[in-house]
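Below: the structure, in structure tokens.
The values are calculated or read from the model by the stated rules, or taken from the named source; none is laboratory data. Because the structure is predicted, anything quoted here is derived from the model rather than measured. As a convention, Cβ positions derive from the backbone with ideal geometry for all residues, glycine included, and neighbour counts pool all protein chains shown. These area figures cover heavy atoms from the full protein model, side chains too; ligands, DNA and RNA do not enter into them. Shrake-Rupley method; radii C 1.70, N 1.55, O 1.52, S 1.80 Å.
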Amino acid sequence: MAKQLSTFDYKNPLPEYCNDDSRLAQRVENLGLRPRRGTTASSQHSFIDLECFLYENSPTFKAIVEDKKSWTFGNELDIKRFSRPFLSSINIELDDEKLKEEFYDFYTEHGLSFENIIKQSKSLYTFDHIDGNPYLRYREIEVGGVKKVFTEVVHPKTVMKVVWNEEDGIDHETVVICSDFLNIKTDGKSKNYDVVNVYPAFSKIPGGRETVFHFRDEDSCRAYSESKSGNSLYWQFIQWAASDLACKVTGTATVTKNLLFYKLEPVDSDTGGDNNTMDQGKAMAMALKNTMSRDGTAPKELALMGYPEEAPTLEKVDVNRNEKWFEKVMEISTRQLILCERWSSVISGFEKPSAGVGGNTVVDEMRRVKGVVENDQDLWQSRWRKVFSVVNEFLEAPDKFKDLGICYPDKLGEAISRYDTVQG
């Protein structure tokens, strides 16, 4: 469970998330695991909780990632011929509709449906932005001559890598997958974790084998990649903190503030003197409280002061909601998050588009970010080609399928093309 952050006990929570609970840290050390952050002796695996919390509660960052994800993956796939991977001139459109249908039916029949590929692409993309370490668990099963493959996106919080010693003589990576490392159980039937080798190594399972694809940065020599949101984490936190503070201010029961100065009638000392005068003032204050607050209970404190004038006077005090400060913080942080993601505030709707003579701001922005989307598409298409190569070997796929691969739709290109057609 993620720690709950609150401005009522306001402090910078980031250091609080840097170190794991002592019990979890002890488990990590005893099991010889390498956590996502920190070291085996001083783990910081729970930092993922903070990344997930800010992703869900930062008003801008999640909206940006969801928007990019929509333009990148869409809701359907095409098929291209990739005769020479990473050589764009050979990656050609496939006009043979019958071959496309055969490709679609073959892989869907064996468990790798286009619907799941789209859904899992989006999930992997999200975890890539939150933590930088998306995992795809892959299984091959053969029963009675029937072959099936299964793919599943694994939450990075449930994964830690095993630290192998040199004397173990193991040259591949292995992960432990557990939904709750704090309460991991290693005894017999109560075991609640799996140990799986990382691709290209495989682990044996009943009826087949399995592996985990760790889609980290190719140029990373570390066990884990850095989060793509790392450079924007503080801006996410600033947005959440500002929004939380706005909720606190909005939730107050006070609807107005007034200072009422009035003279209390003196009371004879024989009947109680000043105490009765004070009681009279409190009764008046309680009556005012019920009319000046939303629920009749706030403000909780009242101050009574003597005032020499005969006639009561009323001084109104504005309730400071600090709207300008909040708007400025959100404006600056949104701009920074947009820059970190190399995206467009116009396309995401954070900024009102404007049109100049002979131009269209929205289309201009689409042209500008098209390269960002294409880079993401190329990356994930190549990652899925790696998965398909393993599937093809297991299923003994027809040769005519082996140089084919999935292709995400060019939604931005289509939108730009429609605009150019209308203008032309």
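Can you name the number of the only condition in (1) within 21 Å of Gly111 (Cβ to Cβ); (2) β-branched (Val, Ile, Thr); (3) open to solvent by 40 Å² or more (accessible area, probe 1.4 Å) that Val390 fails?
Unmet condition: (3).
Give the residues of segment 32-48 that are modelled with pLDDT of 85 or more and open to solvent by 50 Å² or more (accessible area, probe 1.4 Å), sorted by residue number.
Scanning segment 32-48 gives a single hit, Arg34.
Select from segment 138-192 the residues that are of a type in the set (A, V, I, L, M) and open to solvent by 60 Å² or more (accessible area, probe 1.4 Å) and write down the one among them that is farthest from Gly208 (Cα to Cα). Can you show your working first?
Going residue by residue through segment 138-192, those that are of a type in the set (A, V, I, L, M) are 141, 143, 146, 149, 153-154, 159-160, 162-163, 170, 175-177, 182, 184.
Imposing the further condition that a residue be open to solvent by 60 Å² or more (accessible area, probe 1.4 Å) reduces the set to 143, 146, 170.
Values: Val143: 9, Val146: 12, Ile170: 22 Å.
Only one residue fits best here, namely Ile170.
Tell me, please, whether a residue that is over 23 Å from Val373 (Cβ atoms), at pLDDT below 95 and touching a helix residue (DSSP H, G or I) at 6+ places or on another chain (Cβ under 9 Å) can be found in segment 69-83. Walk me through it before giving the result.
Quick first cut of segment 69-83, residues over 23 Å from Val373 (Cβ atoms) only: 83.
Applying the additional criterion that residues be at pLDDT below 95 yields 83.
Now restrict to residues that are touching a helix residue (DSSP H, G or I) at 6+ places or on another chain (Cβ under 9 Å): 83.
Looking through segment 69-83, at least one residue is over 23 Å from Val373 (Cβ atoms), at pLDDT below 95 and touching a helix residue (DSSP H, G or I) at 6+ places or on another chain (Cβ under 9 Å).
Testing Arg222 on (1) under 26 Å from the mean Cα position of the chain (by Cα); (2) modelled with pLDDT of 85 or more, one condition comes back false. Which one is that?
(2)
Six or more apart or on different chains, Cβ atoms under 8 Å: show the pairs whose first residue is in segment 94-119 and within 15 Å of Arg385 (Cα to Cα) and whose second is part of a loop (DSSP other than H, G, I, E, B) and of a type in the set (Ser, Thr, Tyr).
Tyr107/Ser113
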